[in-house]
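The values are calculated or read from the model by the stated rules, or taken from the named source; none is laboratory data. Note that this is a predicted model, so its numbers are computed, not measured. Reconstructed Cβ throughout: ideal geometry from the backbone, glycine too, with neighbour counts over all protein chains shown. Ligands, DNA and RNA are stripped out before the accessible areas are found, and what is left, the full protein with its side chains, is counted by its heavy atoms. Shrake-Rupley method; radii C 1.70, N 1.55, O 1.52, S 1.80 Å.
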Amino acid sequence: MLSFRVHLPCWCFLLMSCLQSLSANNDFFTSIGQMTDLLYTEKDLVTSLKDYIRAEENKLERVKRWADKLDSLTATAMQDPESFLGHPVNAFKLMKRLNTEWGDLESLVLSDTTDGFISNLTIQRQYFPTDADQTGAAKALLRLQDTYRLDANTISTGDLPGVKHKSLMTVEDCYELGKIAYSDVDYYHTELWMAQALKQLDEGEESTLDKVTVLDYLSYAVYQQGDIERALDYTEKLLELDPEHQRAKGNQKYFTFQLEKQKKAAEEEPEKQKDQAKKKKTEKKKPKKKASNQVMPERVKYEMLCRGEGIKLTPRRQSRLFCRYYDNKHNPSFVLSPVKQQDEWDSPYIVRYLDIISDKEIERIKELAKPRLRRATISNPITGVLETAPYRISKSAWLTGYEDPMIDKINQRIEDLTGLEMDTAEELQVANYGVGGQYEPHFDFGRKDEPDAFKELGTGNRIATWLFYMSDVSAGGATVFPDVGASVWPQKGTAVFWYNLFASGEGDYSTRHAACPVLVGNKWVSNKWIHERGQEWRRPCGLNETE
C-alpha cells in the first residue's frame, strides 16, 4: 500500500486533466480531436507500467543477489559440513538465516509491486474505447477502402497519400477487419481482408493466427459470393494443412457436388440454345428499343467527386468565375481592408473567402469546443428531434457569443460579409471528424415534406450556409455537391458560403451536398446556419420560384 501512495502523485495530475474531457463522452472513433486524449492516457499507462517493471526488476535483483550469495556459501559448506559448522559463527549464521532471513526473503518474493499500475489501469479503463468504437473504426477503414478505391495491401502497408506516420497492419489486424465484415454479412470485404491476412502469413509474418482459421473464413466468404470453384480451392488448401477438419471435409463434398451439377447444366445448355434459335426463326423480328440513358446513382457520383473525379466546368463556365477583393458594398469593416473572395462554382453560386479566420481564433474555438464535443446529430425529418446517424461520423459542439467575445466578433464578421441578419441564425457549430469521418449527401434546408424541421426555433427555414475550414486535410475530406459536380477542398483559414433557398423562399435542390470521408488528417470545421426571419429587407423576395 505504501508503494501505491508514493506513485499516485506522479500520474494523478495528468490523469485528472485527461479524464475531465473523457468522462462524459463515448463514440471516440467519431472525433480525431478527442481521440488525441487517448494518446495521453496511453502514455500515462506506459509510464506507470515502466514504474512497475522497474520495481519488479529491483525485487528480482535483490532475490538474485541473495541466491548467488547462498549458492557460494552452500558450495563451500558442503565440501565439509561438520568442519564448516564447527565454526561457531557459521552455526549461528545458519540458525539466523533459516529462522529470520529466509522469512524476509519470502516476504520480499510475495510482496506486490503491482498496486500503483493496477490502480492506475483500473481507474482509466472505465474511460477506454468500447467494442463499438473498435467496430466503428474498422468500418471506417472499409468505407475509406471503397470510397477511394484502395486495395487491402495499400491500407495494410500504410501507403496512403499524405501520411507522416506510416503504420503497418499485422495479420491479426487484417483478420479482425475480416471478422467484423463477416459479422455484418459483408462477404466482399471479408474475402479482401482474409486474403490479405493469408498473404502476410504466406510471406512469413509471425502470428498467433494459423492459416487454417483464415482459410476457413476465406472459403466461406468466396462461396457466399457465388464462386464455388475458388471456394473449393481454398477448402482443399485448408485440408492439406488439417486433413481432419470436419467442416472443411463436409464443404469439400458439397462444393464438388455443386460444381459437377453446374458442369452438367452447362453441357445441356447448347441443346436449349438450339431449340431457342429455332423458335426465334419462326417468330417475327421485333424492333429493338434504344437503350435509355441511365442516370448515374448519387452514391457513385458522390464517391467520384471525393476522389477528385467527375464533372468538370466547361471553359466557358470556368471563364465566368473570378477572384476579387470584396467589401460588400463598402461595408465600414472592410473598406480599408477588403477580404479576398473567389468563385468556386457558378450554379449554385458558391464563394470562398480566403484568410477570413486567424490561427489564433481557430485555436480558441477548438479550445472552447473540445470539452463539449458530442456525437453529431441529424434532425429527424418526421419528428424534428435530433438523433445520431451512421452516415454522419463526427462530433460537434455549439458556441454562443455570450461565452467568448471572439465568437461574437466572428458572428459579426459573417453578418458584415453576407449582409444577412445573425440574430435569428443558429449558434456557431464546431465539428471534428473521426476515423473516416463523413456526412453523406443531405440538404441543409427543410423540404416541403418536412414542415416541422425547424419549428422549435421559430426562425423559418435555413436560407444560407456559412462554413469555416479550420484545418488542412492531407487527403480526402472535400465538400461535394453530387447533383452539379462541384467539389470544394478544405483550406485552413478560409470559408465557403452559399444560399440554400432561392429569393422566393423555395429550396434550391442543387445545394444537396456531402462531406467526403477523411482519408488522412484531422478535419475541423465550424458552420453558421442562417435562417429566413430577419432577412425580409436584406434579401427581398423574388417574383419567380427559382429567382
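Helix 228-241 and the long axis of the chain differ in direction by around 10°, with both axes built from C-alpha atoms. The trypsin sites (Lys or Arg not before Pro) found in segment 454-522 that occupy coil by DSSP, while having at most 12 further C-beta atoms within 10 Å, are K455.
Element breakdown for the chain at a 1.4 angstrom probe: carbon and sulfur atoms account for 54% of the accessible area.
Please go through the residue pairs K179/K301; K139/K301; K139/K199; K211/K264; K366/K409; K179/K237 and name each one whose alpha carbons sit more than 23 Å apart in this structure. Flagged as over cut-off: K179/K301; K211/K264. In the chain, which longest range has no chymotrypsin sites (Phe, Trp or Tyr not before Pro) that are both DSSP loop (not H, G, I, E or B) and surrounded by at most 10 other Cβ atoms within 10 Å? Counting at most 10 other Cβ atoms within 10 Å as exposed, the longest clean stretch of the chain is 1-321. Annotation: per residue accessible area for segment 68-207 equals 60 Å², rounded to a whole number [probe 1.4 Å, protein chains only]. What is the sum of charges, Lys and Arg at +1 and Asp and Glu at -1, for the other residues whose Cβ falls under 12 Å from the Cβ of A138? Summing Lys/Arg as +1 and Asp/Glu as -1 gives -3. Between S510 and V63, the FRET efficiency estimated from the beta carbon spacing at R0 = 51 angstrom works out to 0.10. In this rough spin-label picture, where each label sits 7 Å from Cα along the Cβ direction, the R125-E236 distance is 4.9 nm. Label sites at T135 and V185, each approximated as a point 7 angstrom past Cα along Cα to Cβ, lie 1.5 nm apart. Applying the Karplus relation 6.51 cos²θ - 1.76 cosθ + 1.60 with θ = phi - 60° to segment 351-368 yields 3J(HN,Hα) values of 10, 10, 9, 9, 6, 9, 9, 7, 4, 4, 5, 4, 5, 5, 4, 5, 4, 6 Hz, where x marks Gly and Pro.
Helix 211-224 and the longest principal axis of the Cα set of the chain meet at an angle near 20°. Give the label of the value calculated from the structure for log10 I(q)/I(0) by the Debye sum over Cα atoms at q = 0.07, 0.12 Å⁻¹, choosing from (1) -0.47, -1.26; (2) -0.41, -1.24; (3) -0.64, -1.22. The value matching this structure is (3). In this structure, the pairs whose alpha-carbon distance is over 32 Å, taken from K340/K395; K166/K370; K43/K528, are K43/K528.
Each other residue within a Cβ distance under 11 Å of I407 adds +1 if Lys or Arg and -1 if Asp or Glu, for a net charge of -1. Amide H contacts of R462: G446, each under 5 Å away and 5 or more positions distant or on a separate chain (H built 1.01 Å from N in the peptide plane; Pro and chain starts excluded).
Working note: Karplus 6.51/-1.76/1.60 with θ = phi - 60° gives segment 190-204 the couplings 4, 4, 4, 7, 5, 5, 5, 4, 5, 4, 5, 5, 5, 7, x Hz, where Gly and Pro are set to x.
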